1. Return the sequence-ordered ³J(HN,Hα) values of the range 5-16 in whole Hz as given by the Karplus equation 6.51 cos²θ - 1.76 cosθ + 1.60 applied to θ = phi - 60°, using x for Gly and Pro.
2. Taking 7 Å along the Cα-to-C-beta vector as the label spot, tell me the ALA95-TYR152 distance in nanometres, rounded to one decimal.
3. For the pairs LYS64/LYS148; LYS2/LYS96; LYS96/LYS124; LYS77/LYS148, note any where the Cα-Cα span goes beyond 18 Å.
4. Spin-label point model (7 Å from Cα, Cβ direction): what's the LEU131 to GLN114 distance in nm?
5. Once amide H atoms are placed 1.01 Å from N in the peptide plane, what residues at a sequence separation of 5 or more from GLU40, or on another chain, have their amide H within under 5 Å of its amide H?
6. Around LYS2, under 15 Å between beta carbons, what's the net of Lys plus Arg minus Asp minus Glu among the other residues?
7. From the C-alpha coordinates alone, can you work out the Kirkwood hydrodynamic radius of the range 1-85, in Å?
8. Taking the radius of gyration and the Kirkwood hydrodynamic radius from Cα positions alone, what is the Rg/Rh ratio for the range 2-153, to two decimal places?
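Since every read-out is calculated from the coordinates, none of them should be taken as a lab result. All values derive from a computational prediction rather than experimental measurement. Cβ coordinates were reconstructed from backbone atoms using ideal geometry, including for glycine residues, and neighbour counts include every protein chain displayed.
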Amino acid sequence: MKVRLVSVGRDRSGLYEPAVQEYASRLAHYTRFELVELPEAGGKKGKATDARALEADALLARRKPQDLLVALDERGKLLDSVEFSRYVGRARDGAKDLLLVIGGDEGLDERVRQSADLVLSLSKMTLPHRLARVVLVEQLYRAFTLLKGEPYHK
């Protein structure tokens, strides 16, 4: 199984990237993990729709036939850690790869949500996209430890 996290934009603050890299290195013990950062489309005022459309093209171009597409969106389904680990386990057992996508500052284009096998929300609260990456990568690591019956989850 391969897990790819494709996100729009970079962590310019430097606050979140060390945590993402820490969990990415831990994930390497369980699965092939790849983090892909796409450039922001740079929509100007009034052009958020254009930016979302360009970012959607770039995100959807990364999808392969064997991928289950998981789109992160605040309007998505809330899963607890155990439920998320079961989703990851079903993908693994079905010989599917996971493609997780986080949009840019303007959110995801409707085409991405419509194309997704799962639209996932990490919280009812609004999170900065860079923080959402940390939370998602940590939850992926937690999911794999749960699937292996390892003690991290406790």
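1. So the J values, rounded to whole Hz, are 10, 10, 10, 9, x, 10, 8, 7, 7, x, 6, 9.
2. For the pair ALA95/TYR152, the computed spacing is 2.7 nm.
3. Working: LYS64/LYS148 27 Å; LYS2/LYS96 8 Å; LYS96/LYS124 28 Å; LYS77/LYS148 25 Å.
Where the Cα-Cα span goes over 18 Å, the pairs concerned are LYS64/LYS148; LYS96/LYS124; LYS77/LYS148.
4. 3.2 nm
5. For GLU40, whose amide H was placed from the backbone, the distant partners under 5 Å are GLY9.
6. Details: positive: ARG4, ARG32, ARG62, ARG63, LYS64, ARG92, LYS96; negative: GLU34, ASP67, ASP93, ASP97.
Neighbour charge sum, excluding LYS2 itself: +3.
7. Values: mean 1/r = 0.0663 Å⁻¹.
Kirkwood radius, the range 1-85: 15.1 Å.
8. Working: Rg = 14.9 Å, Rh = 15.6 Å.
With Rg and the Kirkwood Rh in hand, the quotient comes to 0.95.
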